[in-house]
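A short write-up of the structure that comes next.
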Amino acid sequence: MNLRNKRILGINGIGRIGKLTLWNHLNQRHFDRIVINSGRTIGKSLEDALHYLTTDSTYGTLERFRYGYSGQAYSAKVLNADENLLEIDGIEVKLLMNARNPKDIEWGKEGVRLVVDCTGVFLDPSLPADHPKGSLRGHLEAGAEKVILSAPFKFGSGVQKRPEDTGLFVYGVNHFQYDPMKHHILSAASCTTTGLAHMMKPLLDTEETSKIVTASMTTVHAATNTQNILDAAPSANAKDLRKNRSAIGNIIPSSTGAAIALEEIIPEIKKVGFMADSIRVPTSTVSLISLNLTFRTELDSQGQPVIDREFINDIYKRAAEGPQKGLLYFSMNQNVSSDLRGEMATVVIEGRENHTRTGFLSLDAETLSRYQGATNADLHLPVTHAKIFGWYDNEFGSYVNALGKLTKYVDKNLL
């Protein structure tokens with residue numbers, strides 16, 4: 001195949017996000033060819049690899065996922081076993097199986113300019129390309145021009161400042177800040193950060209709800225491959241023993257870095273002091289953010305709070321039809337998690353369950369005098385607490401879809 005003038009995408013890693021990234025770009029039809037580095041042999045033959053790439057226990061077969069029962073023509077076949085070359089739904093897919101270290105992957109030879117690293121192994125962009133355990137920068141040395149990490153960056157303890165050529169981006173929130181002259185290693189954050197960022201954006205863009213006093217969120221999160229199917233002995237120096245407990249038989253409190261990442265994507269959040277945690281539940285995909293916010297609010301001429309349930313829902317309705325159209329959806333359906341499997345929205349606002357309550361923060365004159373000097377008046381400040389729910393398919397629908405849009409955007413802006 002003549003690689004000249006072809007749009008070719010590289011995918012490093014063939015786990016959950018790697019395989020579903022392939023599915024996403026088979027849907028988008030933006031790339032002419034996709035090169036996947038597995039770093040190891042898959043099965044006993046190329047047919048075994050093809051079977052893995054085109055079937056999924058969560059989303060079904062690729063053919064049915066793409067076309068349902070329409071009867072539209074579809075094929076998946078081995079084109080050349082000697083070259084590890086497949087054709088899936090009309091697009092050539094080549095498998096590289098020899099190199100695990102990014103610097104040893106033959107991206108340049110394959111004509112790959114843009115790589116999405118989905119291994120979950122190479123998270124620190126400050127490491128040099130020749131680091132003995134591998135590095136994201138190795139992709140650049142191997143011939144790629146840009147790298148997108150399908151996870152948040154994770155820096156070693158000695159790193160004081162993030163490298164200037166890196167950036168954290170959520171499509172539809174801050175992706176327009178990407179500078180092709182500057183940014184060469186990008187992070188697409190996490191699935192939870194993606195959903196949360198899209199929940200926060202319309203609130204911060206609205207004057208009445210931009211005055212946030214406190215904020216916290218809990219994600220009720222589907223199980224992932226970082227968990228064990230059955231209980232296992234923890235590794236040496238393990239800090240969280242719950243990570244080794246069975247994912248299929250437990251509700252497991254966990255942690256999330258979503259709030260920290262959100263501060264970089266939406267800098268205004270730094271003023272708020274956001275708290276975040278996670279609860280893992282035994283489902284295969286689709287998670288739910290429970291967002292809790294307290295706003296400084298106003299009362300209207302009738303003495304009623306300006307911010308109420310209808311006001312919040314209206315903000316999201318406008319966002320769904322305006323600046324976040326196609327990325328944020330608003331629903332008044334009585335949803336359960338399986339209804340949102342494969343939903344191509346970064347977040348689906350569960351309008352039926354959103355609710356607010358307004359009260360007064362009361363400070364007497366004596367307390368106020370400690371902060372602003374002598375005063376003879378008490379203060380009764382109206383505040384509104386809001387509880388907002390947002391669904392997100394933490395695998396294909398929300399996260400991989402947003403990752404795919406970011407990937408396409410970066411590719412279109414290659415110099």
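If the condition is being in contact with a Gly (Cβ under 7 Å, 6 or more places away or on another chain) and part of a strand (DSSP E or B), then region 377-415 contributes 383, 390, 392. The C-beta contact set for region 50-65 (first residue assigned by TED's automatic domain parsing to the domain that holds residue 17, second residue of a type in the set (Val, Ile, Thr) and surrounded by 18 or more Cβ atoms within 10 Å (Cβ to Cβ), distance under 6 angstrom, 6+ apart or interchain) comprises 58/285; 62/54. How about region 173-194: which of its residues are aliphatic (A, V, I, L, M) and either within 26 Å of residue 58 (Cα to Cα) or crowded, with 18+ Cβ neighbours inside 10 Å (or both)? Selection gives 173, 185, 186, 188, 189. Check region 258-266 and report whether any residue there is part of a strand (DSSP E or B), of a type outside the set (Val, Ile, Thr) and under 19 Å from residue 240 (Cβ atoms). No, region 258-266 has no match at all. Taken over region 45-71, the criterion of being more than 30 Å from residue 108 (Cβ to Cβ), in a loop (DSSP other than H, G, I, E, B) and not β-branched (Val, Ile, Thr) is satisfied by 56, 57, 59, 60, 68, 69, 70, 71.
Quick check, is residue 214 touching an Asp or Glu at 6+ places or on another chain (Cβ under 8 Å) and either within 26 Å of residue 295 (Cβ to Cβ) or among the charged types (D, E, K, R) (or both)? Taking the combined requirement at face value, the residue does not satisfy it.
Against the definition (free of Cβ contacts under 8 Å to residues at least 12 places away in the same chain and assigned by TED's automatic domain parsing to the domain that holds residue 340), how does residue 236 come out, yes or no? Quick ask: steps written out before the conclusion?
Values: free of Cβ contacts under 8 Å to residues at least 12 places away in the same chain: yes; assigned by TED's automatic domain parsing to the domain that holds residue 340: yes.
So residue 236 passes the test.
Candidates are the residues of region 290-311 that are surrounded by 16 or more Cβ atoms within 10 Å (Cβ to Cβ) and among the polar types (S, T, N, Q); the one that is modelled with the highest pLDDT is 290.
Within region 116-126, does at least one residue satisfy the condition of being under 18 Å from residue 7 (Cα atoms) and under 25 Å from the mean Cα position of the chain (by Cα)?
Residues of region 116-126 that are under 18 Å from residue 7 (Cα atoms), as a first pass: 116-117.
From what's left, under 25 Å from the mean Cα position of the chain (by Cα): 116-117.
Yes.
Restricting to region 271-280, count the residues that are surrounded by fewer than 17 Cβ atoms within 10 Å (Cβ to Cβ) and hydrophobic (A, V, I, L, M, F, W, C).
Residues in region 271-280 being surrounded by fewer than 17 Cβ atoms within 10 Å (Cβ to Cβ) and hydrophobic (A, V, I, L, M, F, W, C): 2 in total.
Looking across region 1-14, the residues that are farther than 19 Å from residue 101 by Cα and part of a loop (DSSP other than H, G, I, E, B) come down to 1, 2, 3, 4, 5, 6, 7. Residue-level check: of (1) closer than 18 Å to residue 260 by Cβ; (2) surrounded by 15 or more Cβ atoms within 10 Å (Cβ to Cβ), residue 209 misses just (1). So is residue 124 surrounded by fewer than 18 Cβ atoms within 10 Å (Cβ to Cβ) and modelled with pLDDT of 95 or more or not? So residue 124 passes the test.
Scanning region 239-270 for residues that are of a type in the set (D, E, K, R) and in contact (Cβ under 8 Å) with a residue 12 or more places away in the chain, which turns out surrounded by the most Cβ atoms within 10 Å (Cβ to Cβ)? Walk me through how you get there before you give the answer.
Of all residues in region 239-270, those of a type in the set (D, E, K, R) come to 239-240, 242-243, 245, 263-264, 268, 270.
Still in the list and also in contact (Cβ under 8 Å) with a residue 12 or more places away in the chain: 240, 242-243, 245, 264, 268.
On the way: 240: 12, 242: 13, 243: 18, 245: 17, 264: 20, 268: 12.
Per the criteria, the residue is 264.
Criterion first (over 28 Å from residue 50 (Cβ atoms), basic (Lys, Arg) and crowded, with 21+ Cβ neighbours inside 10 Å) does residue 137 satisfy it?
Working: over 28 Å from residue 50 (Cβ atoms): yes; basic (Lys, Arg): yes; crowded, with 21+ Cβ neighbours inside 10 Å: yes.
Yes.
Scanning region 15-44 for residues that are part of a loop (DSSP other than H, G, I, E, B), surrounded by 15 or more Cβ atoms within 10 Å (Cβ to Cβ) and in contact with a Phe, Trp or Tyr (Cβ under 9 Å, 6 or more places away or on another chain) yields a count of 1.
Pick from region 195-206 the residues that are closer than 15 Å to residue 276 by Cα and touching a strand residue (DSSP E or B) at 6+ places or on another chain (Cβ under 7 Å): which of them is surrounded by the fewest Cβ atoms within 10 Å (Cβ to Cβ)? Outline the logic, then answer.
Filtering region 195-206 for residues closer than 15 Å to residue 276 by Cα gives 195-197, 199-200.
Add one more test, that the residue is touching a strand residue (DSSP E or B) at 6+ places or on another chain (Cβ under 7 Å), and what stays is 195-196, 199.
On the way: 195: 31, 196: 33, 199: 24.
Result: 199.
The values are calculated or read from the model by the stated rules, or taken from the named source; none is laboratory data. What you see is a predicted model; the values in this text were computed from it and never measured. Methodologically, a virtual Cβ is constructed for each residue, glycine included, from the backbone with ideal geometry; neighbour enumeration extends over all protein chains shown.
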